[in-house]
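In what follows, a structure is listed as structure tokens, so that the remarks can point back to it.
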Amino acid sequence: MPPVAPALRAARRLLLLSNSRDPAGRYLVHARDALAAHLAGAREVAFVPYAGVTVGWDAYASRVAEALAPLGVAVRGVHASGDPAAVLAEAEAVAVGGGNTFHLLAELQRRGLVGVLRARAAAGVPYVGWSAGSVVACPTIRTTNDMPIVEPPDGLRALALFGAQINAHFTDAHPTGFQGETRRERLAEFLAANPGAAVVGLPEGSWLDARGERVTLGGPHAAVVLREGGATDAPPGAELGAVEG
Ligand code: ASP
């Protein structure tokens, strides 16, 4: 698994949310204070909507614009430009939305945007991701919950802004009578196939705030850190930098 480049790790400012909606269905409201702190000083965020599959990218960007308007931050969808790399290269902040992680990574790779996103993170430009947008910030997208509805042309390696894997929407819920694998079983398979890796299972309502080497668990819930040898709970506010190895 590729490590995070040291210069990038030292400079980065990442806000990696598990999900976008609170239990009442309100969009990006549960993490509004963290978003406000993270985006302080930015007048505009470049929004990457490529995880959206059944939602139009214009509509997706409008939804995000509405959610960020109370923070005084405008939203520019990179899809609307003929040169999304140039938009990202000039961005004051970057936001990558959720949806299907394979679709997101495939579109980033096809458009040659992986390098520019890494370069912006290494320049200390704030990066906000939620769901697929958080998983794509990891070394690979192998811990997504999504179906591989498309094939990323360059494989499953992702942005490697954060040095461990994230499983978004992490849950231990398992409906009675459901015979499919539990989430922990699926992640145990990932860890058996990728020894030495670590996964942060981020429940709904939680996020990771990575400023340089320091990584803090945000939100009111405990997360779980899974390794081949077992799992440990991390309480809200836990410092998780060591998870990256
Ligand atoms: N489909 C999720 C999202 O972006 C990502 C995941 O569950 O891994 O909302």
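The values are calculated or read from the model by the stated rules, or taken from the named source; none is laboratory data. Predicted model, so just to flag it, every value in this text is computed and none were measured. Ideal geometry is used to build each Cβ from the backbone, glycine not excepted, and the neighbour counts take in all protein chains shown.
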Q. Surrounded by fewer than 16 Cβ atoms within 10 Å (Cβ to Cβ), modelled with pLDDT under 95 and more than 27 Å from Met147 (Cα to Cα), is that true of Gly25?
A. no
Q.
Condition (residue is away from the ligand (no atom under 16 Å from the Cβ), among the hydrophobic types (A, V, I, L, M, F, W, C) and touching a Cys at 6+ places or on another chain (Cβ under 9 Å)) applied to the range 179-197: is it met by at least one residue?
A. no
Q. Among all residue pairs at least 6 apart or on different chains, which show Cβ distances below 6 Å where the first residue, located in the range 175-188, is closer than 23 Å to Gly230 by Cα and the second is part of a loop (DSSP other than H, G, I, E, B) and of a type in the set (Lys, Arg)?
A. none
Q | Count of the range 20-71 residues which are small (Gly, Ala, Ser), away from the ligand (no atom under 16 Å from the Cβ) and touching a residue at least 60 places away in the same chain (Cβ under 8 Å) | A | 2
Q) Only one residue in Thr140, Thr182 is under 29 Å from Arg13 (Cα atoms) and either at pLDDT 95 or above or surrounded by 19 or more Cβ atoms within 10 Å (Cβ to Cβ) (or both), so which one is that? A) Thr140
Q. Of the residues that make up the range 183-203, is at least one within 11 Å of the chain's Cα centre (by Cα), closer than 20 Å to Leu104 by Cβ and not hydroxyl-bearing (Ser, Thr, Tyr)?
A. yes
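Every residue, every condition in (1) aliphatic (A, V, I, L, M); (2) touching a strand residue (DSSP E or B) at 6+ places or on another chain (Cβ under 6 Å), yes or no:
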| position | (1), (2) |
| --- | --- |
| Ala37 | yes, no |
| Val48 | yes, yes |
| Val53 | yes, no |
| Glu107 | no, no |
| Leu113 | yes, no |
| Ala121 | yes, yes |
Q: Of the conditions (1) buried (at least 24 other Cβ atoms within 10 Å of the Cβ); (2) within 16 Å of the ligand (Cβ to nearest atom), Ile149 clears all except one; give me its number.
A: (1)
Q: Within the range 80-89, identify whether any single residue is in contact with an Asp or Glu (Cβ under 9 Å, 6 or more places away or on another chain) and within 23 Å of Val150 (Cβ to Cβ), and answer yes or no.
A: yes
Q: State which residue pairs qualify: first residue polar (S, T, N, Q) and inside the range 131-152, second residue within 7 Å of the ligand (Cβ to nearest atom) and in a loop (DSSP other than H, G, I, E, B) in any location, beta carbons under 6 Å apart, and separation of 6 or more residues or different chains.
A: Ser131/Asn19; Ser131/Gly98
Q: Scan the helices (runs of 4 or more DSSP H) fully inside the range 105-221 and keep the ones with 1 or more residues being within 26 Å of Val64 (Cβ to Cβ).
A: 114-122, 132-135
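Yes/no per residue for (1) over 20 Å from Ser134 (Cβ atoms); (2) at pLDDT below 95; (3) acidic (Asp, Glu); (4) not in a helix (DSSP H, G or I):
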position: Val64; (1), (2), (3), (4): no, no, no, no
position: Ala67; (1), (2), (3), (4): no, no, no, no
position: Gly82; (1), (2), (3), (4): yes, no, no, yes
position: Ala95; (1), (2), (3), (4): no, no, no, yes
